[in-house]
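In what follows, a structure is listed as structure tokens, so that the remarks can point back to it.
The values are calculated or read from the model by the stated rules, or taken from the named source; none is laboratory data. Keep in mind that this is a model prediction, so the values were computed, not measured. Neighbour counts are summed over all protein chains in view; Cβ atoms, including those assigned to glycine, are modelled from backbone coordinates with ideal geometry. When the accessible area is computed, the model is the full protein with side chains, heavy atoms only, and any ligands, DNA or RNA have been set aside. Shrake-Rupley method; radii C 1.70, N 1.55, O 1.52, S 1.80 Å.
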Amino acid sequence: MTNLENELIEIIRAHPYIQQLFDATDHYLGDYYIGAGVITQTVWNKLHDFDFTYGIDDADIIYFNSLEQSSRELERIKETQIRKALPHFPFEIDLTNEALVHHWYEQKFNKKITPYQSAEEAIETWPTTASAIGVKRVDGEYKIYAPFGLQDLFKGIVRPNKVLVPEHVYQSKAVKWKARWPGLTVLEWSV
């Protein structure tokens, strides 16, 4: 495990709400990741000496189950169960079965995608290199999936991951994040 991976795990262990989220989600899902904003922004809060909860809108939980029907009904039931288990949780909870994303992605984002083959493949398409991170807990141990590494995250660099995200979505996120965490370095789309 690298020094940055160890540092990320220590930050996650110190965050009481992320620990609560792992505890609650363990009851309803077997193999899943907590990722994107709640992980990335927790690190940025640490780098900026901000409160644990500052600027975080939601907590993304993803899993992959190709046996579930194309309807998102079971996904929503699980999400509701996790929310009910965390009545005082300060963030919205967004649960996504990545095996179903191709059914609704085009309607929501006006772009057709091929079905993901794993949760990891989905993480590889997230909008920035710093936010393309998933963390799971297996038998009390944390496992990190960060296809672009953790350097951009810990250096506060917002770099586009152009695999799927359109430029306007990247720009919108970058502007919002820079306003909340002014120490970030936002790279232009063309870089």
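What to note about this one:
- Restricting region 122-149 to residues that are in a strand (DSSP E or B) and of a type in the set (D, E, K, R) leaves a set whose member that is nearest to Lys112 (Cα to Cα) is Lys136.
- Qualifying positions in region 144-191 - out of contact with any Leu (no Cβ under 7 Å at 6 or more places or on another chain) and of a type in the set (Phe, Trp, Tyr): Tyr145, Phe148, Tyr170, Trp181, Trp189
- So Gln81, is it outside any loop (DSSP other than H, G, I, E, B) and under 19 Å from Gly134 (Cβ atoms): no
- Filtered residues of region 134-155 (kept if over 15 Å from Val165 (Cβ atoms) and in contact with a helix residue (DSSP H, G or I) (Cβ under 8 Å, 6 or more places away or on another chain)): Gly134, Val135, Arg137, Tyr142, Ile144, Tyr145, Ala146, Gly149, Leu150, Gln151, Leu153, Phe154
- All conditions in (1) open to solvent by 80 Å² or more (accessible area, probe 1.4 Å); (2) assigned to a loop (DSSP other than H, G, I, E, B) hold for Lys176, with the sole exception of (2).
- Scanning region 153-173 for residues that are among the β-branched types (Val, Ile, Thr), open to solvent by less than 70 Å² (accessible area, probe 1.4 Å) and under 18 Å from Tyr105 (Cβ atoms) returns Val165, Val169.
- With respect to the stated conditions, Thr25 is open to solvent by less than 10 Å² (accessible area, probe 1.4 Å), hydroxyl-bearing (Ser, Thr, Tyr) and either farther than 19 Å from Thr129 by Cα or assigned to a helix (DSSP H, G or I) (or both).
- Among residues of region 94-121, those that are buried (at least 20 other Cβ atoms within 10 Å of the Cβ), not in a helix (DSSP H, G or I) and not hydroxyl-bearing (Ser, Thr, Tyr), counted: 5
- One residue stands out among those in region 137-148 that are over 23 Å from Tyr105 (Cβ atoms) and not hydroxyl-bearing (Ser, Thr, Tyr): the one that is most open to solvent (accessible area, probe 1.4 Å), which is Asp139.
- Among the residues of region 180-191, just one is open to solvent by 80 Å² or more (accessible area, probe 1.4 Å) and either in a helix (DSSP H, G or I) or among the small types (Gly, Ala, Ser) (or both), namely Ser190.
- The single condition from (1) open to solvent by 80 Å² or more (accessible area, probe 1.4 Å); (2) in contact (Cβ under 8 Å) with a residue 12 or more places away in the chain; (3) within 20 Å of Ile61 (Cα to Cα) that Ala132 fails is (1).
- Residue under evaluation Ser70, criteria (1) part of a loop (DSSP other than H, G, I, E, B); (2) at pLDDT 90 or above; (3) surrounded by fewer than 18 Cβ atoms within 10 Å (Cβ to Cβ), criterion not met: (2)
- Residue among Glu106, Glu124 that alone is out of contact with any helix residue (DSSP H, G or I) (no Cβ under 9 Å at 6 or more places or on another chain) and modelled with pLDDT of 95 or more: Glu124
- None of Ile82, Ile34, Ile77 is open to solvent by 70 Å² or more (accessible area, probe 1.4 Å) and either among the hydrophobic types (A, V, I, L, M, F, W, C) or within 25 Å of Pro182 (Cα to Cα) (or both) except Ile77.
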